[in-house]
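Written below as structure tokens is the structure these notes are about.
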Amino acid sequence: MMRRTIAAAVALATSVAGGSAVLAAPAPEHARAAPASAAGADETSRSAKLAGRRDVPKQAVARGYGGAVSTVDPHATRAGIEVLRRGGNAVDAAVAAAATLGVTEPFSAGIGGGGFFVYYDARTRRVHTIDGRETAPAAATERLFLDPATGEPLPFEEARVSGLSVGVPGTPATWQRALDTWGTWSLRRALGPAIRVARRGFVVDETFRSQIAQNADIFDDFTSTRELYLPHGRPPAVGSVFRNRDLAATYRLLAREGVEEFYHGTLAAAIVNTVRKPPVAPDANRAVRPGAMTVEDLAGYDAPFRRPTHVRYEGLDVYSMGPPSSGGSTVGEALNILETVLPRTTGSRASRERLALHAYLEASALAFADRDRYVGDPDQVDVPLDELLSQGFAEERACHIRLDEVLPKPVPPGVPDGEYNPCGAQAPPARGGQHEGPSTTHLTVSDRWGNVVSYTLTIEATGGNGMVVPDRGFLLNNELTDFSFAPTQGDAPDPNLPGPRKRPRSSMAPTIVLADGRPFLALGSPGGATIITTVLQTLLNRLELGMGLPEAVAAPRVSPRNAVTQAEPAFIASAQGRALAAMGHQFSEIEEIGAATALEFGRRGYVVAVAEPTRRGGGSAMVVHPVGR
Ligand code: GLU
């Protein structure tokens, strides 16, 4: 029966050392490696040979012992594995992998952005989190993204490609805090692999090329970005070797001088200069609004520890990121609602699965309504986090769900006030849902001592705000566009309006699930607000629908977010998708949702590392000591 699935799943995972309990997904070797024939016409045979040496094979699933790394990129995964092999722990390896992603996935993440670091400490058996979210400058006001001439919200691209959208980056501070608190390596040492990749170069794949191509108009409007990412006026060819010597030098500077250099030194000055005087090309096609960031804003940045969110789900402990991210609270609330609703589902396996998916679609919509109404920066807004994650509130919300009927959308938020009645109070409906893009990256790492890292980092849009800091080799974020540009909650206050030193609400949901106090799963994904549903659906697939972790990650996705429910074509075409549509669910088709990475832990250090087999060109999973299936 459905209710027994989790206990059975956990028992299998913890008892089958060989991993045969976990369903295999095909693990395409070299899924993203560039074919030699695709090399640019200007490639010499020497650089083709170099490309051969710089290429790194990859696979989507790996099983074994001694620690594991899963990221979207084989260089980053290999950097993390190298650290683990040389005695580093999961935190050291996570920083090395993240720094390498700054080289090979620079359009998703880097030192110009921010993120959320979730860590399970094997010694104390506790989960900790670091909030490395970007922060608005002191000069920001509620009107940050209103056109001064008209009072109307700026068009998204105008807001994004500007100095206004840049938050003070949190990534370097996150790395330093994580290493200082739980790491065993210095920042200098952890940056080593990334420096090597930046200096020696890596082989351009189709994802890298196409992310430049989709931003080419924007990148071409900034002298610094054009110079780095549009050599000879176009994106580098697939198969060519790409180097970022400026970033290698910036990393070396950080390695030598520490993150002080970033928040108080020459890098701080360079960032402020770029924000205030964007390096707009003389022949640019756009006017670019400058921002008001100051060196004091950089100097005042902090990446604080935050209490993780925690819910019990079917006897498991689910930990994730709290405000200013809405990831943990929304995943947690939806799981609480699901736990209330799912025991009501009966019938054949197919009908129970359909009802579980229906309950997921409804629970997520309800949780998104509450997210939009109540979650913002906890240092500036009173977020009723404990109530949002309480059993009483979940029961009140779950009561609205009918197993044979679809709730009209958008659903209104509930009232998490501590006084709950069956199908109790609902607040007035509201619009909700500002723009959130499909960028970002997630990595999951474990080590031989049992420590686990689940870390999502981003520069917001793919390509951030489009500005490379001149001569420093990294892009700036546009994270402040995660604020609501104008109030979205009708007469109720919007918790996510911009403000001085405020952090925009995020959806990032780096998650760690414990069974009996020990790691069972770690997972996360990019994808703006779809991050929340990708994490939720992967958990549903693994815990309720009887899938192994590789299958749970690879399965077609559907993203219910109240204002809209997006779905991949394969989900819409599936038997369950068609049955749910016949029930009255409406799907808006989107090519691809998310790019998850995940780990599952068995007994005696056995781990299954999982990345996407195909989304975003496929990810890369490795373990320190692989074993056959
Ligand atoms: N800025 C988004 C957030 O913090 C992430 C960006 C994305 O994944 O597209 O939730």
Residue match in segment 216-224 (condition: touching a Leu at 6+ places or on another chain (Cβ under 8 Å) and either β-branched (Val, Ile, Thr) or part of a loop (DSSP other than H, G, I, E, B) (or both)): yes
Residue within segment 422-430 that is in contact with a helix residue (DSSP H, G or I) (Cβ under 8 Å, 6 or more places away or on another chain), within 16 Å of the ligand (Cβ to nearest atom) and in contact (Cβ under 8 Å) with a residue 12 or more places away in the chain present: no
Residue count, segment 228-273 (criterion: over 24 Å from Arg189 (Cα atoms) and among the charged types (D, E, K, R)): 1
Close pairs (6 angstrom Cβ cut-off, 6 or more residues apart or separate chains): free of Cβ contacts under 8 Å to residues at least 24 places away in the same chain in segment 111-126, surrounded by 24 or more Cβ atoms within 10 Å (Cβ to Cβ) anywhere: none
Hey, Phe107 of a type in the set (Phe, Trp, Tyr), touching a residue at least 60 places away in the same chain (Cβ under 8 Å) and part of a loop (DSSP other than H, G, I, E, B) or not: yes
Selection count where residues are more than 10 Å from the ligand (Cβ to nearest atom), in contact with a strand residue (DSSP E or B) (Cβ under 8 Å, 6 or more places away or on another chain) and assigned to a loop (DSSP other than H, G, I, E, B), scope segment 504-516: 1
Flag if Asp482 is over 18 Å from Ser325 (Cα atoms) and of a type in the set (D, E, K, R): no
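Name the strands (runs of 3 or more DSSP E) wholly within segment 584-629 that hold at least 2 residues that are at pLDDT 95 or above and surrounded by fewer than 24 Cβ atoms within 10 Å (Cβ to Cβ)? Step through it out loud before you land on a result.
Details: elements: 597-601, 607-611, 620-626.
In segment 584-629, the matching strands (runs of 3 or more DSSP E) lie at 620-626.
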Residue identified as in contact with a helix residue (DSSP H, G or I) (Cβ under 9 Å, 6 or more places away or on another chain) and either over 20 Å from Gln176 (Cα atoms) or modelled with pLDDT under 95 (or both) among Ala149, Ala139, Ala109: Ala139
Criterion (more than 16 Å from Met293 (Cβ to Cβ), more than 15 Å from the ligand (Cβ to nearest atom) and assigned to a loop (DSSP other than H, G, I, E, B)) met by exactly one of Pro487, Pro519, Pro495: Pro487
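Can you pull out the residues in segment 470-484 that are over 18 Å from Phe219 (Cα atoms) and either under 18 Å from the mean Cα position of the chain (by Cα) or more than 16 Å from the ligand (Cβ to nearest atom) (or both)?
Pass one, segment 470-484, residues over 18 Å from Phe219 (Cα atoms): 480-484.
Answer for segment 470-484, where residues must be over 18 Å from Phe219 (Cα atoms) and either under 18 Å from the mean Cα position of the chain (by Cα) or more than 16 Å from the ligand (Cβ to nearest atom) (or both): Leu480, Thr481, Asp482, Phe483.
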Selection count where residues are within 21 Å of the chain's Cα centre (by Cα) and outside any helix (DSSP H, G or I), scope segment 325-381: 6
Answer residue from segment 131-157, given it is crowded, with 24+ Cβ neighbours inside 10 Å and either within 15 Å of the ligand (Cβ to nearest atom) or among the acidic types (Asp, Glu) (or both) and is farthest from Ser320 (Cα to Cα) among those: Phe145
Some residue of segment 90-98 being more than 29 Å from Arg518 (Cβ to Cβ) and small (Gly, Ala, Ser): no
Residue check, Ala284 away from the ligand (no atom under 16 Å from the Cβ), among the hydrophobic types (A, V, I, L, M, F, W, C) and either under 21 Å from Gly527 (Cβ atoms) or outside any helix (DSSP H, G or I) (or both): yes
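Is it the case that some residue within segment 455-469 is modelled with pLDDT under 95, assigned to a loop (DSSP other than H, G, I, E, B) and either crowded, with 19+ Cβ neighbours inside 10 Å or within 16 Å of the ligand (Cβ to nearest atom) (or both)?
From segment 455-469, those modelled with pLDDT under 95 are none; that's our starting set.
No.
For segment 234-276, which fully contained helices (runs of 4 or more DSSP H) count at least 2 residues that are in contact (Cβ under 8 Å) with a residue 24 or more places away in the chain and more than 19 Å from Met467 (Cβ to Cβ)?
Numbers: elements: 245-257, 260-263, 266-276.
The helices (runs of 4 or more DSSP H) meeting that bar are 245-257.
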From the options Leu407, Leu388, Leu366, Leu443, residue that is aliphatic (A, V, I, L, M), at pLDDT 95 or above and within 30 Å of Gly87 (Cβ to Cβ): Leu443
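Does His400 fit the bill of being free of Cβ contacts under 8 Å to residues at least 40 places away in the same chain and either more than 16 Å from the ligand (Cβ to nearest atom) or of a type in the set (Val, Ile, Thr) (or both)?
Details: free of Cβ contacts under 8 Å to residues at least 40 places away in the same chain: yes; either more than 16 Å from the ligand (Cβ to nearest atom) or of a type in the set (Val, Ile, Thr) (or both): yes.
When the stated conditions are applied, His400 passes them.
The values are calculated or read from the model by the stated rules, or taken from the named source; none is laboratory data. Here the structure is a predicted model, which is why all the values come from computation and not from measurement. As a convention, Cβ positions derive from the backbone with ideal geometry for all residues, glycine included, and neighbour counts pool all protein chains shown.
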